[in-house]
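Read the structure below first, then the notes.
The values are calculated or read from the model by the stated rules, or taken from the named source; none is laboratory data. All of these numbers come straight from a predicted model, not from anything done at the bench. Glycine also receives a Cβ, built like all others from the backbone with ideal geometry; neighbour counts cover every protein chain displayed.
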């Protein structure tokens with residue numbers, strides 16, 4: 001299936017940077033972080049952005065803070081627009097720490113969430129337990145996203161170790177593995193103190209994974225999104241996108257922003 005602009009634009013223009021997958025897609029996934037949008041705002045936001053979004057993450061432990069009726073309505077609303085929704089991984093870590101993993105997963109499934117995130121951003125969840133959680137979630141019919149890397153800026157981030165965990169999670173059945181960057185995208189994961197991509201770290205992860213198309217890179221800053229798309233192509237999976245940045249990100253993905261428009265021109269020139 002070919003990616004098209006909205007009518008009537010598609011009669012006259014086509015994306016300068018080809019290759020973007022339309023929904024439903026397996027690559028070029030966009031995950032946004034929702035820190036508490038109300039129902040009316042969520043409806044308006046989805047009406048504008050749903051075609052360009054694949055996952056909504058209710059950040060951190062915000063899900064239990066919603067009035068239950070509103071949370072259930074929000075989950076149903078997001079799904080009605082063909083977008084998956086899940087609670088942030090910190091919530092599962094808290095459940096694991098309190099020895100409530102199984103009832104937590106049951107509740108996530110009962111409430112209608114479509115995915116769950118398995119992470120070790122704050123506490124350690126050893127490999128066997130991590131694998132068991134992934135299996136338990138899938139048994140309940142939940143999709144699984146995992147996350148690698150710590151939320152502590154001072155924690156070590158060895159790309160080879162990260163790559164091994166990515167491979168293990170995918171082998172256990174995770175759909176995508178998210179590389180941690182928090183909301184700041186600075187001094188964490190693949191980013192340095194200024195938020196710039198550490199090229200050597202990024203390349204090392206890519207060199208030591210067999211399915212980089214199943215990695216989702218958290219990229220909260222717009223310039224990080226532009227860099228990763230230029231580096232990895234329009235179908236790089238990106239997460240922790242702010243709700244208000246979705247259309248700008250999609251424009252970047254298809255070459256309708258200067259950085260990638262210029263790149264598309266250069267690619268055509270080099271092919272010629």
Residue list for the range 218-230, filter: surrounded by fewer than 22 Cβ atoms within 10 Å (Cβ to Cβ) and either touching a helix residue (DSSP H, G or I) at 6+ places or on another chain (Cβ under 7 Å) or closer than 19 Å to residue 148 by Cβ (or both): 220, 222, 226, 228, 230
Subset of the range 61-99 (residues that are out of contact with any helix residue (DSSP H, G or I) (no Cβ under 9 Å at 6 or more places or on another chain) and within 12 Å of residue 39 (Cβ to Cβ)): 67, 69, 76
Unmet requirement for residue 244, which otherwise passes all of (1) closer than 21 Å to residue 86 by Cβ; (2) in contact with a strand residue (DSSP E or B) (Cβ under 9 Å, 6 or more places away or on another chain); (3) surrounded by fewer than 17 Cβ atoms within 10 Å (Cβ to Cβ): (2)
Condition met for residue 230 (over 17 Å from the mean Cα position of the chain (by Cα), more than 24 Å from residue 258 (Cα to Cα) and either modelled with pLDDT under 95 or not in a loop (DSSP other than H, G, I, E, B) (or both)): no
Residue within the range 174-188 that is over 20 Å from residue 144 (Cα atoms), surrounded by 15 or more Cβ atoms within 10 Å (Cβ to Cβ), touching a helix residue (DSSP H, G or I) at 6+ places or on another chain (Cβ under 9 Å) and modelled with pLDDT of 95 or more present: yes
The range 95-122 residues that are in contact (Cβ under 8 Å) with a residue 60 or more places away in the chain, paired with ones that are surrounded by 15 or more Cβ atoms within 10 Å (Cβ to Cβ) and part of a helix (DSSP H, G or I) (beta carbon under 8 Å, 6 or more apart): 117/89; 117/92; 119/89; 119/90; 119/92; 119/93
Residues within the range 199-211 that are within 17 Å of the chain's Cα centre (by Cα) and more than 16 Å from residue 149 (Cα to Cα), tallied: 1
Residue 189 vs. criteria in contact with a strand residue (DSSP E or B) (Cβ under 6 Å, 6 or more places away or on another chain) and at positive phi: yes
When residues of the range 61-87 are limited to those that are outside any helix (DSSP H, G or I) and over 30 Å from residue 20 (Cα atoms), the one modelled with the lowest pLDDT: 61
Close pairs (8 angstrom Cβ cut-off, 6 or more residues apart or separate chains): on the phi > 0 side of the Ramachandran plot in the range 70-90, buried (at least 16 other Cβ atoms within 10 Å of the Cβ) and assigned to a helix (DSSP H, G or I) anywhere: 82/50
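Listed here are the residues, each with its yes/no results for (1) in contact with a strand residue (DSSP E or B) (Cβ under 7 Å, 6 or more places away or on another chain); (2) closer than 19 Å to residue 260 by Cβ.
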residue: 3; (1), (2): no, yes
residue: 20; (1), (2): no, yes
residue: 33; (1), (2): yes, no
residue: 40; (1), (2): no, no
residue: 52; (1), (2): yes, yes
